[in-house]
């Protein structure tokens with residue numbers, strides 16, 4: 001696995017965990033333990049996102065760092081990743 | 001409102017294209033029990049749900065289904081990438097190729113184009129949720 005693939009997988013697993021907890025909260029909105037857990041995971045995810053975007057380009061169009069439109073420069077997610 | 005994230009929910013990196021397999025997997029994209037149907041089902045039914053728990057759940061799982069649709073699309077794209085005329089004939093997908101070339105089109109494996117007739121939205125929570133349970137059993 002490339003460094004990018006490792007980071008993407010880690011990022012995706014945190015996102016998946018958070019998404020699943022959020023689905024649970026949709027029907028159990030008063031579970032404060034889960035809310036606490038989401039906050040904890042989200043903080044870690046935030047750091048990962050920042051690292052990812054600095055290295056591999058923006059994940060969303062709202063990332064406007066730099067003075068070039070980087071959105072169209074990074075590969076599209078359906079393309080096979082090139083081996084480093 | 002939707003915000004696109006330039007990343008798949010789970011990575012897809014297919015090393016060996018296989019157009020014959022793509023023809024089967026195509027049903028998961030635009031077939032009767034595919035991801036497009038699932039996304040449209042939940043995102044259409046959510047408006048008339050009577051409780052916030054239901055509106056939230058249908059909004060969130062409907063959104064997630066769009067993420068699934070994108071992954072299945074990526075699988076199809078990679079399975080059919082760089083097909084030669086020989087590959088197309090060997091895989092028996094000339095009938096798809098003549099209409100769409102390597103484009104990803106929402107249809108079933110048998111070639112039936114996606115239709116909203118695959119889903120329902122009745123404005124009644126119990127009716128819609130029963131449909132959702134049945135639909136999930138088919139996937």
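FYI, it's all coordinate maths here, none of it is from the lab. As the structure is a computational prediction, the values presented were derived from the model and not from experiment. For neighbour counting, all protein chains shown are included, and Cβ atoms are generated from backbone atoms with ideal geometry for every residue, glycine included.
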From (1) within 11 Å of chain B (Cβ to nearest Cβ); (2) more than 30 Å from residue A:54 (Cα to Cα), pick out the condition that doesn't hold for residue A:33. (1)
Reported set for segment B:71-106 where residues are outside any helix (DSSP H, G or I), within 14 Å of chain A (Cβ to nearest Cβ) and in contact (Cβ under 8 Å) with a residue 60 or more places away in the chain is B:80, B:81, B:82, B:104
In the set B:130, B:68, which member is within 14 Å of chain A (Cβ to nearest Cβ) and surrounded by 13 or more Cβ atoms within 10 Å (Cβ to Cβ)? B:68
Scan segment A:14-34 and give yes if some residue there is within 17 Å of the chain's Cα centre (by Cα) and farther than 29 Å from residue B:13 by Cβ, otherwise no. no
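Being in a helix (DSSP H, G or I), within 11 Å of chain A (Cβ to nearest Cβ) and within 14 Å of residue B:119 (Cβ to Cβ) is true for just one of B:58, B:54. Which residue is that? Give the steps one after another, and end with the answer.
On the way: B:54 fails: within 14 Å of residue B:119 (Cβ to Cβ).
Of the residues listed, the single one that is in a helix (DSSP H, G or I), within 11 Å of chain A (Cβ to nearest Cβ) and within 14 Å of residue B:119 (Cβ to Cβ) is B:58.
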Among (1) in a helix (DSSP H, G or I); (2) within 21 Å of residue B:108 (Cβ to Cβ); (3) more than 12 Å from chain A (Cβ to nearest Cβ) - the single one residue B:45 does not satisfy: (2)
Residues that are more than 17 Å from residue B:33 (Cβ to Cβ) and out of contact with any helix residue (DSSP H, G or I) (no Cβ under 8 Å at 6 or more places or on another chain), drawn from segment B:103-123: B:103
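This table checks each residue for (1) assigned to a helix (DSSP H, G or I); (2) exposed (fewer than 13 other Cβ atoms within 10 Å of the Cβ).
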| position | (1), (2) |
| --- | --- |
| A:6 | yes, yes |
| A:11 | yes, no |
| A:19 | yes, no |
| A:25 | yes, no |
| A:33 | yes, yes |
| A:37 | yes, no |
| A:41 | yes, no |
| A:58 | no, no |
